[in-house]
Every structure is written in structure tokens, then in C-alpha cells.
Amino acid sequence: MNVFNRLDAALAFAPEEAALLESVSKLARERIAPKAADLDRTGGFPHQNVSEINALGLNAMFIPEAYGGAQMSYAVYLECVRALSKACASTGIVWATNFHAIKPLIDFGTEEQKKRLLPVMAEGGLASLTITEPAAGSDATGMKTEFRPDGDSILVNGGKTFITNGAHADLYMLFGKWSEIADSKGAISVLVLEKGTPGLAVVREEDKMGLRASSTATLAFDNCRVPRANLLGKPGDGLKILLASLNKSRPSVAAHALGIARAAFEDSIAYINERKQSGRKIVEFQGIQFMLADMATDLAMCEAWLAHVARMVDGGATDFGVEASMLKMRASDLAMRIATDAVQLHGGYGYCKDYRVERLMRDAKITQIWEGTNQIHRQLIGRSFIRK
Ligand SMILES: Cc1cc2nc3c(=O)[nH]c(=O)nc-3n(C[C@H](O)[C@H](O)[C@H](O)COP(=O)(O)OP(=O)(O)OC[C@H]3O[C@@H](n4cnc5c(N)ncnc54)[C@H](O)[C@@H]3O)c2cc1C
């Protein structure tokens, strides 16, 4: 048993959670991983993987029983993200985005909204967290999408870009600005836009460096009429809801990054224990061992921090934004470094598509950019130490 087996074994899950994790690992290993290279090549959406994930009822794990779910701990959710992302980072983020998008409804929705909308997700729906606009990325408060009240409806006009699951979602957790509130940040509001709403259009899907099988869409809203009953909280509650939601999705994107990192690390170990040069296995060279020591140690520390943040959330903590930022920043920087080192350890073969590390390096890059770029996270972490 090596250090990573012991780290995995130290994660304590309830028996039903452990059983589900076993099923997810098997699905990831036997069904999802073998299709990942082909999905990367074609860029096709992983519909079959989504069906197989839904056959296990995985969305239900983050939806309370009262609304058709079978809620489990945040720790087990993060482990599922890690396992799926290790097998196929595109599929991992397609599924994790359901959680990111629907968590605000679970935490801030009314009883009526939850009864009406959550079963869509419990039954295997797809969702999008819909924030970014062409001119409002790192500073999301610069968004321009307008919510104009009109009797029992809200008219939505504007557009969003880079929306994961955007071309396939059943529900869009959509952020925009309330037309009747003058204050720019105070106007941010959030509503659920349902698939098929007239005026909603998918304008384009990005042709990306990595995560090529995930959909990243530009959306347009042309007088979309949304029932007022789909507004979360009150007009102007959006920024509060956005910040609370990001705290829960950042550990999840860290778990995604750590899935990629673990895959790159394991592939490297397997390769350098086989490949020989100068009559010795690559792993026997001291220069390589120094690289491995750094990769393994940083990976172990980061995985342990993921488990720490999961315990905080499951323990009911609400003030964990800095911990979540540290985790997102370090996990994503590490995924990029380990994936790059993995290519290096494979030599010229690592640069070619026959080996998975080539894809992992491309998949890893986005983890440093989304859910707050790592520059933004460094700012958030540093700023938290300013004495008031
Ligand atoms: C594949 C993919 C999937 C995505 N999925 C979603 C999604 O599902 N939903 C969604 O809403 N968005 C999504 N995004 C958008 C993503 O969150 C943004 O791309 C990200 O927030 C950065 O915004 P930007 O691209 O406009 O870059 P910019 O904000 O223009 O940043 C450009 C550069 O400037 C730096 N910078 C900006 N401001 C500062 C600052 N104050 N201090 C220091 N440096 C700064 C950034 O770190 C970056 O290096 C996705 C993007 C991609 C590429």
C-alpha cells in the first residue's frame, strides 16, 4: 500500500456512500475512461456518459429527499467529481456543473420553487451556472443582462458567454441585473430559466484547447419571458447568492483538478517504471526521483486539504471562503504542473496523443482560469489578512 492508497483509505464514508463510490469508480474506470480519448478527438458531447451517470442516480446525491433526491455528504460528492474527472475531465465537469448550478436553488429557493424545479435535476437533468458575459469575466458585477419586471413575468434580454453545459441544459441558473435598481452591484439578481423558453438561443459553442467534450456555449436572451415565480430571493439578492454559491463550487473545481493531477501522476509512475534508458529504468535516476518527490508530496498535501474543506462544509461551516480559494488555487496550479511534468517524464511520447498525459495537460489549463482566475484567488487570500 503506498501513500496515496493510505490517503484514500483514510477518507471515512458511511456504508451507503462507500458503496456508491465503489460503483462510481467502477463506472469511471470501465466505461468512462475508455471513451475519453475519442471524445477528446471528436469533441462530441458525452451523452452516453451522462446516461450512465444518471443510471446510478448521481444527481440525487446533492438533492434533499423531499424533492426527489437522496442527499449524501459533500465529501462523497467531491470524491465522485475526482473519480469521474480522473477518468474523463470533460465528463467530470459536465456532471459537477449540475451541482454548481443547482446549489443556489437548494440553498435559497422557496419550498414551491424546490418542489417544482429540483425533481428535474433529481431525474437526471443538466444545468448551467450562467454568469460570465463577454465584457464581464473576472469582474462578474459588470454584467449587463437585464431582468425587467412585467406583471407576473420577468423579461430577460442580453447574453452570456463560456457557459458550461450551455447547449444542453434543462435549467439555467441565470444572473442578471434588475432594471428598477440603479445601484450596479445591488441590482444583481438571479432566476431559473427553463429549457425551451422562447427567445433563448445558443449562438455558438467554443472549439477549445481541452475539455473538448464539454459544451461551452454563448447564449442570447431576446425578450425571454420567465415567470416571476422563478426569481430566487428578492430582486437584488443575486450577489449574496453568487458569492455563497461560488464557495461551494470552488472545492468542486479543485476536486476536478485533483482528478486530472492524480491521473497524470499515476500514468507517470507506470511509464517510468517500465521505460529504460542507459540500461536503467527512468525511475532509478535521482534527478527523476527529485521530481517525483515534489509531485507526490504536493499532491498528497492538496488532497488532504480537499478532505479538510469537505469536513468543514459537512460540519456546517459557513465561513470557509479563504480555505476554498486556497484549495482552488493550489489544486489547479498543481494539476497544471503535474500534467506538464507528466509529459516531460514521458519524453517525446508524452507530446503525442497515444499517451493520455498529452490530453491531461490540455485539460488541466482551464482549472487555473475558471471559477475565479488564480490571480483573483491570490488577491482574495492575501486580502483576507488585512486587519480591519
Ligand atoms: C471552458 C470554460 C468554461 C467556463 N464555464 C463557465 C460557466 O459554466 N459559467 C460561467 O459563468 N462562466 C464560465 N466560464 C468563464 C470563466 O469563469 C471566465 O473565463 C473567468 O472568470 C475569467 O474571465 P475572462 O475570461 O473574461 O478573463 P478576464 O477577466 O478578462 O481576465 C484576463 C486576465 O486578466 C487577469 N485579471 C483580471 N482581473 C484581474 C485583477 N483584478 N487582478 C489581477 N488580474 C486580473 C485574469 O486573471 C486573467 O489572467 C468558463 C470559461 C471557460 C474557458
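Since every read-out is calculated from the coordinates, none of them should be taken as a lab result. All values derive from a computational prediction rather than experimental measurement. Cβ sites come from the backbone with ideal geometry, for glycine too, and all protein chains shown count toward neighbours.
Just the number, please: Stokes-Einstein D of the chain in µm²/s, Kirkwood Rh from C-alpha pairs, 10 °C, 1.306 mPa s. Mind showing how you got there, number by number?
Numbers: Rh = 21.5 Å.
It comes out at roughly 74 µm²/s.
For residue 243 and residue 308, what is the calculated FRET efficiency with R₀ set at 30 Å and r taken between the beta-carbons, to the nearest 0.05?
About 0.90, to the nearest 0.05.
Give me the one-decimal nm value for the distance between modelled label points at residue 280 and residue 123, 7 Å along each residue's Cα-to-Cβ direction.
6.3
Label residue 378 and residue 266 with points 7 Å out from Cα along Cα→Cβ: what is the distance between them in nm?
Here the modelled spin labels are 3.2 nm apart.
Based on DSSP H assignment, which helices of the chain show an axial Cα extent of at least 24 Å together with a mean Kyte-Doolittle hydropathy greater than or equal to -1.0? Before the final figure, lay out the partial values.
Numbers: long enough: 89-108 (29 Å, 0.67); 238-272 (50 Å, 0.60); 286-314 (42 Å, 0.60); 321-345 (35 Å, 0.38).
Going by DSSP H runs, the hits are 89-108, 238-272, 286-314, 321-345.
Which part of segment 222-264 falls in the paramagnetic zone of residue 209, meaning amide N under 14 Å from the point 7 Å along Cα-to-beta-carbon?
Once the point is set 7 Å along Cα→Cβ of residue 209, nothing inside segment 222-264 turns out to lie under 14 Å by backbone N.
Could you order the peptides 187-196, 163-172 from most to least packed, using the average number of other C-beta atoms within 10 Å per residue?
Details: 187-196: 20.9, 163-172: 24.0.
Most protected by this proxy first, the peptides run 163-172, 187-196.
Based on the alpha-carbon gyration tensor of segment 1-127 and its eigenvalue square roots a ≥ b ≥ c, which shape applies: rounded if a/c is under 1.5, prolate if not and a/b is larger than b/c, or oblate?
Details: a/c = 2.23, a/b = 1.26, b/c = 1.77.
Oblate, because a/c is 1.5 or more while a/b does not exceed b/c.
Answer rounded, prolate or oblate for segment 240-383, using the Cα gyration tensor with square roots of eigenvalues a ≥ b ≥ c: rounded when a/c is under 1.5, else prolate when a/b is larger than b/c, else oblate.
Details: a/c = 2.86, a/b = 2.23, b/c = 1.28.
Prolate is the answer for segment 240-383, as a/c is 1.5 or above and a/b outweighs b/c.
Fewest Cβ neighbours within 10 Å first, please rank 81, 3 accordingly. Mind showing how you got there, number by number?
Numbers: 81 25, 3 11.
Sorted ascending by nearby Cβ count, the order is 3, 81.
Compute a Gaussian network model of the chain, connecting alpha carbons closer than 10 Å, and tell me which residue from 179, 252, 325 fluctuates the most.
The residue with the greatest mean-square fluctuation here is 179.
Any chance you could run the full-extension gain for residue 2 through residue 37? It's 0.36 nm times the residue separation minus the Cα-Cα distance, nm to one decimal.
Values: separation 35, 0.36 × 35 = 12.60 nm, distance 2.81 nm.
Extra length from residue 2 to residue 37 when fully extended: 9.8 nm.
Given the convex hull over the Cα atoms of segment 206-254, what projected area results after averaging over all orientations, in nm²?
5.6
Using the structure shown, list the pairs from 160/195; 234/328; 234/365; 35/114; 276/365 with a Cα-Cα distance above 27 Å, or answer none.
234/328; 234/365; 35/114; 276/365
Expected output is a single nm value to one decimal: the length gained when fully extending between residue 369 and residue 110, i.e. 0.36 nm times separation in residues minus the C-alpha distance. What is it? If you can, show how the numbers build up before the last one.
Values: separation 259, 0.36 × 259 = 93.24 nm, distance 3.28 nm.
Additional length available on full extension: 90.0 nm.
Suppose R0 equals 41 Å; then what is the FRET efficiency for residue 22 and residue 182 from their Cβ-Cβ distance, rounded to the nearest 0.05?
Numbers: r = 54 Å, r/R0 = 1.32.
So the FRET efficiency works out to roughly 0.15.
Add +1 for every Lys or Arg and -1 for every Asp or Glu among the other residues with Cβ under 14 Å from the Cβ of residue 129, and state the total. Display every interim value, and only then the final one.
Numbers: positive: 103, 160, 248, 250; negative: 107, 133, 170, 371.
Summing Lys and Arg as +1 and Asp and Glu as -1 gives 0.
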